[in-house]
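Colleague: Sharing a structure here in structure tokens format.
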Amino acid sequence: MTIRRLVLPLLGALALVACTAKVGQVSPAPRVTDANQAAQVTVYRDDSLVGAVATLSFFIDGKEVYGLRRGERYSFQLDPGWHSLRYRIGRNECGQSFEFKARGQYNFRLLPTCGIERSNP
């Protein structure tokens, strides 16, 4: 009986957080100055059960731009140079800075265990 009293409010709180998280486009990615020189970037979230109920909030240079659910990906362009990629899932926040080359193609896997892994296009 005591466990039920503890678990039900916790499940309710998790459901509330999952429902209030922003999903999809939150704000536009940074505007590129020259689309012919821009780097093509894709970030994706595994279809893993770890953090399954939480939306992953993705940030570029400190600005929240997209909310990803399990198995989703988001593609955008960036001007060449150094940029910060960061995400928050639940109470965990992770981030790294990367240098993007002109006309480069970049794919990043956003790990549920708090890491950003570059993969081949």
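The values are calculated or read from the model by the stated rules, or taken from the named source; none is laboratory data. Since the model is a prediction, treat every value here as computed from it, not as a measurement. Please note: Cβ atoms are built from the backbone with ideal geometry, for glycine as well, and neighbour counts cover all protein chains shown. In case anyone asks, the SASA skips ligands and DNA or RNA and just uses the protein heavy atoms, side chains included. Shrake-Rupley method; radii C 1.70, N 1.55, O 1.52, S 1.80 Å.
Colleague: Does any residue in the stretch 96-120 that is over 15 Å from residue 58 (Cα atoms) come within less than 6 Å, Cβ to Cβ, of a residue that is among the charged types (D, E, K, R) and open to solvent by 40 Å² or more (accessible area, probe 1.4 Å) six or more places away or on a different chain, and which pairs are these?
Modeller: 119/109
Okay, residues lined up against (1) aliphatic (A, V, I, L, M); (2) closer than 23 Å to residue 34 by Cα:
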| position | (1), (2) |
| --- | --- |
| 56 | yes, no |
| 62 | no, yes |
| 70 | no, no |
| 76 | no, yes |
| 93 | no, no |
| 101 | no, yes |
| 107 | no, yes |
| 115 | no, no |
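Colleague: Now for a separate question. Within the group 91, 86, which residue is in contact with a strand residue (DSSP E or B) (Cβ under 8 Å, 6 or more places away or on another chain) and of a type in the set (D, E, K, R)?
Modeller: On the way: 91 fails: in contact with a strand residue (DSSP E or B) (Cβ under 8 Å, 6 or more places away or on another chain).
Going through 91, 86 in turn, the sole match is 86.
Colleague: Right, something else. Suppose the filter is open to solvent by 20 Å² or more (accessible area, probe 1.4 Å) and in contact with a Leu (Cβ under 9 Å, 6 or more places away or on another chain); does residue 40 pass it? Spell out the reasoning first.
Modeller: On the way: open to solvent by 20 Å² or more (accessible area, probe 1.4 Å): yes; in contact with a Leu (Cβ under 9 Å, 6 or more places away or on another chain): yes.
Yes; evaluated as a whole, the condition is true for this residue.
Colleague: Okay, moving on. Just checking, which of 105, 40 is touching a Gly at 6+ places or on another chain (Cβ under 9 Å) and modelled with pLDDT of 95 or more? It would help to see each step written out before you state the result.
Modeller: Numbers: 105 fails: touching a Gly at 6+ places or on another chain (Cβ under 9 Å).
Only one candidate qualifies: 40.
Colleague: Is at least one residue of the stretch 4-25 open to solvent by 90 Å² or more (accessible area, probe 1.4 Å), under 24 Å from residue 87 (Cβ atoms) and at pLDDT 80 or above?
Modeller: Within the stretch 4-25 (the criterion being open to solvent by 90 Å² or more (accessible area, probe 1.4 Å), under 24 Å from residue 87 (Cβ atoms) and at pLDDT 80 or above), the answer is yes, since at least one residue qualifies.
Colleague: Follow-up question, since we're still on this one. Being at pLDDT 90 or above and open to solvent by less than 40 Å² (accessible area, probe 1.4 Å) is the filter here, so list the residues in the stretch 43-55 that pass it.
Modeller: Correct list: 43 only.
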